[in-house]
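A quick write-up on the structure given underneath.
The values are calculated or read from the model by the stated rules, or taken from the named source; none is laboratory data. Fair warning: this is a prediction, and the values are worked out from it, not measured in the lab. No Cβ is skipped: glycine too gets one built from the backbone with ideal geometry, and neighbour counts run over all protein chains shown.
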Amino acid sequence: MPAIVFCGFMGAGKTEAARAAAAELGTDALDTDALLEGELGMTLMEFFQREGEPAFREHEEKLVLRLLGEGEDVISLGGGAVLSASVRDALADHVCAWCRVDEPTAWERTRGTPRPLAADHDDFTRRYRERRPYYEEVSRAILPEGGWEIGRDAAPWLAALAESPGSRMIWARSSSAAYPAVVGPGALSLLPASRRWFCVADSEALRRHEGLLPDREATIEVEAAEERKTLAEAERVLRELAAAGARRDDGLVAFGGGMVGDLAGFCAAVYQRGIPVVQAPTTLLAMVDSAYGGKTGVDLPEAKNYLGIYHMPLAVLADPATLTTLPHEELAAGFVEALKTGLIAGGALWERVSGLEDLSPEGLADVVFDCARAKIDVVAADERDSGERAVLNLGHTVGHAIEAATSYGRYRHGEAIALGLLSALRLSDADGLREEVAAILDRHGLPTGLAPDVDLDAVLAAIERDKKHTAGGLGFVLVKRPGEPRHGQQVDPARVRAAVEELYPETR
Ligand SMILES: NC(=O)c1ccc[n+]([C@@H]2O[C@H](COP(=O)([O-])OP(=O)(O)OC[C@H]3O[C@@H](n4cnc5c(N)ncnc54)[C@H](O)[C@@H]3O)[C@@H](O)[C@H]2O)c1
């Protein structure tokens, strides 16, 4: 039986998290540092001073391998145990949860405490940097921090991960909610059996993948098309829910792409003043972006997503197996949101996304997980879009305007955002990056220009109506280099016009 193992740097709160998880699961938590002190017959500080670190690591490795081999239930791992390659290998058979902590917080919490490695700040920082990639490598679950509350709440999900090999989890937390985002085969089997479930399902996803859905009371089918992301369609779904007898203590599963996720999330938010929703994304776009963060809504003919409400999911359960039936055009459209996330996050994510040669579903699970993680981190800092979260709108001001000006029927959302990214990069004066992004879009068969018959004035008018427009003007998200987005940037309307005009083929 796989153990649940909490790892992380000094001061992350993994011992507390392990205790809480064990209490929740009705078992005991083992702490490797405490066990070692017992076995060595002295404190770790004393042992370090007498025998040195290499001798300590030897004892630690033996003990951890023994515990993992014995199949103990819940273990809190000493911060440096992951330095051993044998321990890292052994952890692959268990559910390892990484309790994150930033370096300044870890230092504040541990300096001056009787820990052998929390005396010198430079050494502490070096060790933090050295160990971080190992925590990344061994963890199947990423928690924003340790501590009692997270250990308790995440415990049932960590136990479920033990039954779902190949799945990984991020614990998303923002000001109003905390929920697990699980990516991997069989993710939908993690739907809690503790309540009745109703389902709003994309008819195509249902036809192809109904077998992935667990038992449910009723399924309301929706034909996914942006033209149907309307209040009228929401009313139909709500009335079908009422007719099927959905109650306040029931939950709704949104099984489909971003259209179904937005529509069903909106219905869940308003049905009897709110019932829980589990987002079960079946398109790449929904898996990398729309399923996380709680934005739900429908369009008005005047503008996109004009009616909406924040409604955080109870969980996001993403099974990449659904991507195998997605047409290439839909994969490519979803890829644009991954590219956007890469531009915002920069670093390894940008390298991974920009370097993708093809969009084969098999190679996309890691991209999904990393994009989900990046989006969840941004939302954690600003749930209600009042600041930092606005960076996620990169490319969306022009993109949404193109969708609205073409009555939502001409371009897929991701295709419109592709064009919006090109405009945003022009407005950012990032000419080299714009060329690079255009080449990437081209490689994946995505548009890099607008069809000549798209009405330029209609696009410009839709930009004016953008819901991000306030009395202070319309702030754009600009990005000069991957990883350096700036939101709320005012841009001269003449430059906006030129950046959109440039999308027409004859001016390229
Ligand atoms: N809430 C947010 O934060 C957020 C973020 C980005 C985008 N969005 C919204 O997402 C929507 C776009 O989402 P989308 O790109 O997923 O499009 P979509 O939901 O319209 O789905 C695209 C197509 O794929 C089909 N499909 C879905 N799953 C399938 C599967 N597994 N196999 C085969 N076909 C399948 C659908 O039937 C549809 O024809 C837009 O409405 C956009 O506004 C929301």
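Answer yes or no as to whether ARG196 is in contact (Cβ under 8 Å) with a residue 60 or more places away in the chain, away from the ligand (no atom under 11 Å from the Cβ) and basic (Lys, Arg). It is false that ARG196 is in contact (Cβ under 8 Å) with a residue 60 or more places away in the chain, away from the ligand (no atom under 11 Å from the Cβ) and basic (Lys, Arg). Scanning region 389-418 for residues being outside any helix (DSSP H, G or I), touching a residue at least 60 places away in the same chain (Cβ under 8 Å) and either among the basic types (Lys, Arg) or within 17 Å of PRO301 (Cβ to Cβ) (or both) gives a total of 4.
Of all the listed residues (GLU108, GLU58), the sole one being loosely packed, with under 13 Cβ neighbours inside 10 Å and modelled with pLDDT of 95 or more is GLU58.
If the condition is being crowded, with 16+ Cβ neighbours inside 10 Å and either of a type in the set (Ser, Thr, Tyr) or assigned to a strand (DSSP E or B) (or both), then region 111-134 contributes TYR128, TYR134. Within the set ALA401, ALA405, ALA451, the sole residue that is more than 14 Å from the ligand (Cβ to nearest atom), of a type outside the set (Ser, Thr, Tyr) and surrounded by 18 or more Cβ atoms within 10 Å (Cβ to Cβ) turns out to be ALA405.
For region 310-341, name all the residues that are hydrophobic (A, V, I, L, M, F, W, C), more than 13 Å from HIS413 (Cβ to Cβ) and either more than 10 Å from the ligand (Cβ to nearest atom) or assigned to a helix (DSSP H, G or I) (or both). If the condition is that a residue be hydrophobic (A, V, I, L, M, F, W, C), more than 13 Å from HIS413 (Cβ to Cβ) and either more than 10 Å from the ligand (Cβ to nearest atom) or assigned to a helix (DSSP H, G or I) (or both), then MET312, LEU314, ALA315, VAL316, LEU317, ALA318, ALA321, LEU323, LEU331, ALA338, LEU339 are the ones that fit. As a summary of the residue check, SER354 satisfies the conditions (1) of a type in the set (S, T, N, Q); (2) within 13 Å of the ligand (Cβ to nearest atom); (3) touching a residue at least 40 places away in the same chain (Cβ under 8 Å) except for the one numbered (2).
If we keep just the residues of region 280-301 that are touching a strand residue (DSSP E or B) at 6+ places or on another chain (Cβ under 7 Å) and closer than 20 Å to ARG207 by Cβ, which is farthest from the ligand (Cβ to nearest atom)? Only one residue fits best here, namely ALA280. Test GLU137 against the stated conditions and say whether it is assigned to a helix (DSSP H, G or I), of a type in the set (Asp, Glu) and either buried (at least 20 other Cβ atoms within 10 Å of the Cβ) or touching a Lys or Arg at 6+ places or on another chain (Cβ under 8 Å) (or both). So GLU137 fits the description; yes. Has region 235-257 got any residue that is of a type outside the set (A, V, I, L, M, F, W, C), under 19 Å from the mean Cα position of the chain (by Cα) and within 9 Å of the ligand (Cβ to nearest atom)? Within region 235-257, one or more residues are of a type outside the set (A, V, I, L, M, F, W, C), under 19 Å from the mean Cα position of the chain (by Cα) and within 9 Å of the ligand (Cβ to nearest atom).
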